[in-house]
1. Can you work out the Karplus-derived ³J(HN,Hα) for every residue in region 48-65? Use 6.51 cos²θ - 1.76 cosθ + 1.60 with θ = phi - 60°, whole Hz, and x for glycine or proline.
2. Would you grab the residues whose amide H sits under 5 Å from the one on T175? Only those 5+ places off in sequence or on another chain, please, with H modelled 1.01 Å from N.
3. Measure off, as a whole percent, the carbon and sulfur share of the 1.4 Å-probe accessible area of region 150-199, all protein chains present.
4. What order do you get for 147-154, 177-184 when each peptide is scored by the mean count of other beta carbon atoms within 10 Å, highest first?
5. Can you tell me the FRET efficiency between A206 and T133 if r is taken as the Cβ-Cβ distance and R0 is 25 Å, rounded to the nearest 0.05?
6. Restricting to Cα pairs below 8 Å that are 6+ residues apart, what does the relative contact order work out to for region 57-210? Please round to a whole percent.
7. Find out how many positive minus negative residues lie around Q58, taking Lys and Arg as positive, Asp and Glu as negative, among other residues whose Cβ is under 13 Å from that of Q58.
8. Report the accessible area of R50, computed with a 1.4 Å probe over the heavy atoms of all protein chains in place, in Å² rounded to the nearest 10.
Amino acid sequence: MKRRHAGWVAGAAAAVLVAAGAVTYAVAEDSGGPAPKAPGVDSADAGFARDMAVHHQQAVEMSYIVRDRTKNPQVRRLAYDIAQTQANQRGMLLGWLDLWGLPKVSAKPPMAWMGMGGMPERGDGSLMPGMATNTELRKLQSLNGKQAEVLYLQLMTEHHKGGIHMAEGCVRKCTVGVEKRLAQGMVDAQQSELQVMAQMLKERGAAPRS
């Protein structure tokens, strides 16, 4: 019941941010002149919004899984913070796509907007760098306590590294100012969380997998 309630809260927050993200973009980019031109369907702005929304959704899923598998307050707090932050950011990204009148899916491979559309996928549900496979998610669901904590921290470390790489791509390539600022905020926050997770792994006698 707690998990369903938490998922509902995250979903509700994301839904609110869909509208809030659209308003934020309109206000931030409007300097009193005509409304800014919406990015094209194949733009870096649209590609980043689509791909990061997918990337974030898995982080939210992993975080709620581990909150059910451990009683450790430190891990539960980190997982909750990541889930809430990334659900809210996902709402903003999807809100911008709605505002721009662009589809939320693309026929092109993930990260094609970064020039990485031809890179081989890990498969098994892992669509982009850093994403866990379905097999890894099932393993996380099967563990409890310290074992669940370690695997979550390892998976989320890889997830953050992949997310940072993508966000840095948006900082370089995106043209919408508010989206570039969101991407830089992701880089800064996730780099800080990487340091926290490295220490948490060390305290548990473990280390990042790569």
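1. Once θ is set to phi - 60°, the couplings for region 48-65 become 5, 4, 5, 5, 5, 4, 5, 4, 5, 4, 5, 4, 4, 4, 4, 5, 6, 4 Hz.
2. Correct list: D45.
3. Answer for region 150-199 is 53 percent, counting heavy atoms of protein chains only.
4. Final packing ranking: 147-154, 177-184.
5. Details: r = 19 Å, r/R0 = 0.78.
Efficiency computed from Cβ-Cβ geometry: 0.80.
6. Answer for region 57-210 is 21 percent.
7. -3
8. Taking all protein chains as shown, R50 has close to 20 Å².
The values are calculated or read from the model by the stated rules, or taken from the named source; none is laboratory data. Keep in mind that this is a model prediction, so the values were computed, not measured. Positions of Cβ are generated from backbone atoms using ideal geometry, with glycine treated the same way; all protein chains shown enter the neighbour counts. For accessibility, only protein heavy atoms count, side chains too; no ligands or nucleic acids. Shrake-Rupley method; radii C 1.70, N 1.55, O 1.52, S 1.80 Å.
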